[in-house]
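S.K.: Could you have a look at this structure, given as structure tokens, before my questions?
The values are calculated or read from the model by the stated rules, or taken from the named source; none is laboratory data. Please read these numbers as outputs of a predicted model, since none were measured by experiment. All Cβ positions, glycine included, derive from the backbone under ideal geometry; neighbour counts span all protein chains shown. We work out accessible area using only protein heavy atoms, side chains counted, and drop any ligands, DNA or RNA first. Shrake-Rupley method; radii C 1.70, N 1.55, O 1.52, S 1.80 Å.
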Amino acid sequence: MILESPRVVISIDLDYFFAQCEEIRRPELKSKPLVVCVFSGRTQTSGAVSTANYVARKLGVKSGMPILSAKRVLAQHKEAEFLPIDHDYYERVSERVMQLIKSHSPIFEQVSIDEAFIDVTDSTKTDFEVGKSIGLKIKEEILDAEKLTCSVGIGPNKLIAKMAADHKKPDGLVVIKPEEVSAFLSPMPIGKLIGVGPKSESKFEKMGIKTIGDLSDFDVNSLSDQFGKNLGPSFKRLAQGLDTDPVRPRPIEQLSRIITLKKDAESLWFGDELKPLSIYLSDKLKSLNAKCRVVGIIAITSELKTKNKARTLDHLTNSSDEILHNCLELFQGFFDSSGIEVFRIRRVGIRVSGIDLEKAEGKNESENQSTLTRFLLF
Ligand code: TTP
Ligand code: MG
Ligand code: MG
């Protein structure tokens, strides 16, 4: 039995984030089905749904579905709105919300553009009632400052806090104290356990494991036989609600930007289209006070195969010209070396990695690193 030291962890996830951001600038959209789309630019309906407000979700729209399917689902709803994604705007909102969350604890971890954990063990002295009041305060502050609702979960670790936040969406607040963990998890279907994907779920079902409680009672040796020596026991620990992973800043490992070309490319006519991407990445690096050592390109072919190429520079850079210049050379090499292998490129992107912080004066490395908590998921 692994004993965890008592902690109070809060998980915050903004509700239908991109769509809620759109509702802020156009409040009249609130009562209508609203779908935020990643239009590929090919036809008026090609592309995928990024997210949708809860009005559209109730009618069957889901993240990731083709825009065409969402249009079919909402065919009877002439008032429905389909808006293009505006990533820069959502990022600015996200940055302000993250600062606000961070002000409640220095132990902060941003998980994605709309989600973060904080550890409030010290300020609550492990009193979950105090934890709940911090959660309520955060909800209130985000609503006041940004007019956004979020879902908050409070638990003894990240796993339980996250599952508590997911439990009551939108605009929920769920507190699970250590003694309530087992009753909270046990009746849930196994697919709800974080870390269990569709493949493991069907394997569990074949083994007669239907709920998280079934898994937590299951013989650990049989789990090891089925899933291996590491994964088997770790599934059992998760089902028991155990998670020792600390809340910690996540360093940025890479930044990337990708676009869909107006028409498939067989040669390098799209150099100018890469320019805004290199400027975006260069600005991003500069705003983080960082430089990169590796510059790479991403190409997605018309058959939707992904091809990557990267080069390591002999120095650090955050210059947009230099990033662009290297990308163009990499793309050129792509077309030259692909020779007889004929493929056409549909989407192109730039990726920078090997990211290093410039040392701010008077700060040591860990202080520098802890300022680098932005993690871009999309
Ligand atoms: P999520 O927090 O997963 O979803 P959400 O905020 O839209 O809805 P929920 O109320 O369930 O939290 O993702 C955050 C944003 O990331 C989301 O608003 C849009 C974007 N996103 C995509 O672009 N594609 C996807 O498949 C998912 C899941 C999210
Ligand atoms: Mg969300
Ligand atoms: Mg999220």
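S.K.: Taking 0.36 nm per residue of separation and subtracting the Cα-Cα distance, what length does fully extending ASP217 through ASN230 add?
M.R.: This chain segment gains 2.9 nm when fully extended.
S.K.: How high is the FRET efficiency from GLU141 to PHE270, r the C-beta distance, R0 45 Å, rounded to 0.05?
M.R.: It comes out at approximately 0.55.
S.K.: Sticking with this one: With angles folded into 0 to 90 degrees, how steeply does helix 87-102 sit against the dominant principal axis of the chain? Use alpha carbons for both and round to 10.
M.R.: 30 degrees
S.K.: With the Cα gyration tensor of segment 18-86 giving a ≥ b ≥ c as the square roots of its eigenvalues, does the rule (a/c under 1.5 for rounded; else a/b larger than b/c for prolate; else oblate) give rounded, prolate or oblate?
M.R.: Oblate, because a/c is 1.5 or more while a/b does not exceed b/c.
S.K.: Another question, if that's okay. Specify the angular offset, from 0 to 90 degrees and rounded to the nearest 10, of the alpha carbon long axis of helix 271-287 from the longest principal axis of the alpha carbons in the chain.
M.R.: 40 degrees
S.K.: Dipole size in debye (nearest 20) for segment 191-239 around its Cα centre, Lys and Arg Cβ +1, Asp and Glu Cβ -1?
M.R.: Dipole of segment 191-239, to the nearest 20 debye: 160 debye.
S.K.: Shifting gears a bit: Explain nothing, just the number: dipole magnitude of segment 262-301 about its Cα centre with +1 on each Lys and Arg Cβ and -1 on each Asp and Glu Cβ, in debye rounded to the nearest 20.
M.R.: Its charge dipole is roughly 280 debye.
S.K.: Just to check I understand the Karplus step: with θ = phi - 60° and J = 6.51 cos²θ - 1.76 cosθ + 1.60, what whole-Hz values come out for segment 49-63, glycine and proline as x?
M.R.: Result, rounded to whole Hz: 7, 7, 7, 8, 6, 5, 4, 5, 4, 4, 8, x, 7, 9, 4.
S.K.: Projected onto the charge dipole of the chain (+1 at Lys/Arg Cβ, -1 at Asp/Glu Cβ, origin at the Cα centre), which of TYR90, SER69, VAL120 gives the Cα projection farthest towards the positive end?
M.R.: Positive-end residue among those listed: SER69.
S.K.: How big is the Kirkwood radius of the chain, worked out from every pair of different alpha carbons and given in Å to one decimal?
M.R.: So the Kirkwood estimate lands at 23.3 Å.
S.K.: Could you order GLU22, GLU95, GLU253 so the one with the most accessible surface comes first? Probe is 1.4 Å.
M.R.: Final ranking, largest accessible area leading: GLU253, GLU95, GLU22.
S.K.: Assuming a ≥ b ≥ c are the square roots of the Cα gyration tensor eigenvalues, decide whether segment 191-239 counts as rounded (a/c under 1.5), prolate (otherwise, with a/b larger than b/c) or oblate.
M.R.: Taking the square roots of the gyration eigenvalues as a ≥ b ≥ c, segment 191-239 is rounded.
S.K.: Per-residue ellipticity at 222 nm for the chain, helices alone: DSSP H runs ≥ 4 residues times -39500 (n - 2.57), over residue total, nearest 500 deg cm²/dmol?
M.R.: Only helices count here, giving -11500 deg cm²/dmol.
S.K.: Under a 1.4 angstrom probe, counting protein chains only, how are THR244, THR317 ranked by accessible area, largest first?
M.R.: If we order THR244, THR317 from most to least accessible, we get THR244, THR317.
S.K.: Could you sort SER278, SER50, SER5 by accessible area so the largest value comes first, with the probe set to 1.4 Å?
M.R.: Final ranking, largest accessible area leading: SER5, SER50, SER278.
S.K.: How much accessible surface does ASP225 have with a 1.4 Å probe, in Å² rounded to 10?
M.R.: About 130 Å², ignoring ligands and nucleic acids.
S.K.: Another question, then. Among the listed pairs LYS169/LYS262; LYS62/LYS305; LYS58/LYS177; LYS169/LYS206; LYS199/LYS236; LYS125/LYS192, give every one whose C-alpha distance is greater than 28 Å.
M.R.: Pairs exceeding the cut-off: LYS169/LYS262; LYS58/LYS177; LYS169/LYS206; LYS125/LYS192.
S.K.: Shifting gears a bit: Using unit Cβ charges (K, R positive; D, E negative) and no other charged atoms, how large, in debye to the nearest 20, is the dipole of the chain about its Cα centre?
M.R.: 1040 debye
S.K.: Positive end of the charge dipole of the chain (Lys, Arg +1 and Asp, Glu -1 on Cβ, about the Cα centre): tell me which of ILE345, GLN226, SER5 has its Cα farthest that way.
M.R.: Result: ILE345.
S.K.: Follow-up question, since we're still on this one. Specify the angular offset, from 0 to 90 degrees and rounded to the nearest 10, of the alpha carbon long axis of helix 128-146 from the longest principal axis of the alpha carbons in the chain.
M.R.: Tilt relative to the chain: about 30 degrees.
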